[in-house]
Amino acid sequence: MSAGPARGGGMYGRGFRFLRARWRVLVRLGGWSVLETGQTFLTGYAPARALDEGFLAGRPGVGLGWLGAAAIGVLVGAYGTVRVYAAVAALVEPLRDLLVRRVVERGVRDADTGALSGLTQQVEIARDTFAGLVMVSRSFVFTSVGAVVGLASLDPLLLLVVGPPLAAGLGLFAATLRPLARRQEEFLVADEALADGLGRVCPGLRDITAAGAEQRVAADTGRLVDTERRAAYSLARWSVLRVASLALGGQLPIVLLLACAPWLLARGITAGALVGALAYVTQSLLPGPAQPGPRPGHERLAPGGGPTAAGPRAHADGTPRHQPSARPGRHHRPGRRGPPGGPRPPRART
């Protein structure tokens, strides 16, 4: 999967046409995601009303009723999440099939030696990244809407405390997306170059030794390894800014709510509203942006709608965990034992 086509001016157009052809899947995905909005709204609103109108007012029955409503919202939201997985699978798997077809066509048409790396690793990375982007962005948008509406319903003054750090964290997160995408692309290009280089070297190890070219080949291969290592380190460094944005938008609102609690209570904010605001921040807003990368997308989504066997994973900072690309040489035969270019097994005497 070379970098050239990805940089073409038609990339966004192709993406738009891909999504437009599957508008029914998008509608279904949005419809099931609305259930998460209702669950998010009840996450903070129901406990707040249970405290203010129920337990603190000496009416435990009312409090238990509001908590029961929150429990029903969790069940409904869980059912919506299950259906969301099916919708995401219907959106992601056709993309994977399309990428596989293009990689195979390019490998056959152009005799591209890097096609195997693209087929075995990079297609899965692209698929998992797309799935993670859909899952994380969808979840964050719908849960944020539910949380913001809930905070405004409790008391608009709560938005004054939670809103600024959340907006700052989102702004920093958005600012790092393009640099992170470039670093990810550089890593994939370096990985493909290394796989291509090893694919040429491994079948000819005996010839390299016979010609006395070990040092030159080792130096060339070492440069490819160093290039990929530098690309991985650069991607990891940019991931630090992403972690900082998550701390700013996810952790700082909790600290501000606790620090401003006396000021808020003095201005008429009830204890239940304060507890509800903390519930929104810790249970809704924090889990949404706190996913540094396409974490849900790193699970293989079966057409039935549930996660199955794990695909390529990533480190905690969002950088891809390198998996050595299987690069059998062009002269490697399936029947040969041992590594390509290595000593052949002795022939049986007849």
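The set of residues from the range 137-149 being in contact with a Ser or Thr (Cβ under 7 Å, 6 or more places away or on another chain) and either modelled with pLDDT of 90 or more or open to solvent by 30 Å² or more (accessible area, probe 1.4 Å) (or both) comprises F142, V145.
With respect to the conditions (1) over 30 Å from A168 (Cα atoms); (2) open to solvent by less than 30 Å² (accessible area, probe 1.4 Å), R223 lacks only one, and its number is (2).
Please indicate, with yes or no, whether at least one residue in the range 32-39 is at pLDDT below 85, in a loop (DSSP other than H, G, I, E, B) and polar (S, T, N, Q). Checking the range 32-39: not a single residue is at pLDDT below 85, in a loop (DSSP other than H, G, I, E, B) and polar (S, T, N, Q). Take V92 and decide whether it is open to solvent by less than 80 Å² (accessible area, probe 1.4 Å), part of a helix (DSSP H, G or I), β-branched (V, I, T) and touching a residue at least 24 places away in the same chain (Cβ under 8 Å). Taking the combined requirement at face value, the residue satisfies it. Output the residues belonging to the range 17-33 that are among the hydrophobic types (A, V, I, L, M, F, W, C) and more than 21 Å from the chain's Cα centre (by Cα). Within the range 17-33, A21, W23, V27 qualify.
In the range 153-167, of all residues being closer than 14 Å to G268 by Cα and hydrophobic (A, V, I, L, M, F, W, C), the one that is most open to solvent (accessible area, probe 1.4 Å) corresponds to L157. Show the residue pairs meeting these rules: Cβ distance below 8 Å; 6+ apart or different chains; first residue within the range 214-226 and more than 13 Å from R200 (Cα to Cα); second residue assigned to a helix (DSSP H, G or I) and β-branched (V, I, T). Between residues of the range 214-226 that are more than 13 Å from R200 (Cα to Cα) and residues that are assigned to a helix (DSSP H, G or I) and β-branched (V, I, T), the close pairs are E214/I208. Selection of the range 150-175 for residues being more than 25 Å from A259 (Cα to Cα) and at pLDDT 85 or above yields only A175. If you take the residues of the range 176-196 that are surrounded by fewer than 19 Cβ atoms within 10 Å (Cβ to Cβ) and of a type in the set (G, A, S), which of them is nearest to E124 (Cα to Cα)? Across the range 176-196, the extreme among qualifying residues is A181.
Taking (1) assigned to a helix (DSSP H, G or I); (2) open to solvent by 40 Å² or more (accessible area, probe 1.4 Å); (3) at pLDDT 85 or above in turn, G73 satisfies each apart from (2).
The number of residues in the range 24-41 being in contact (Cβ under 8 Å) with a residue 12 or more places away in the chain and open to solvent by 40 Å² or more (accessible area, probe 1.4 Å) comes to 7.
Against the test of being crowded, with 17+ Cβ neighbours inside 10 Å and either in contact with a Gly (Cβ under 7 Å, 6 or more places away or on another chain) or assigned to a helix (DSSP H, G or I) (or both), the options R200, R216, R206, R242 yield a single qualifying residue, R242.
The values are calculated or read from the model by the stated rules, or taken from the named source; none is laboratory data. Computed from a predicted structure; not experimentally measured. Please note: Cβ atoms are built from the backbone with ideal geometry, for glycine as well, and neighbour counts cover all protein chains shown. For the accessible areas, the whole protein counts, side chains as well, though only heavy atoms, and no ligand, DNA or RNA atoms are used. Shrake-Rupley method; radii C 1.70, N 1.55, O 1.52, S 1.80 Å.
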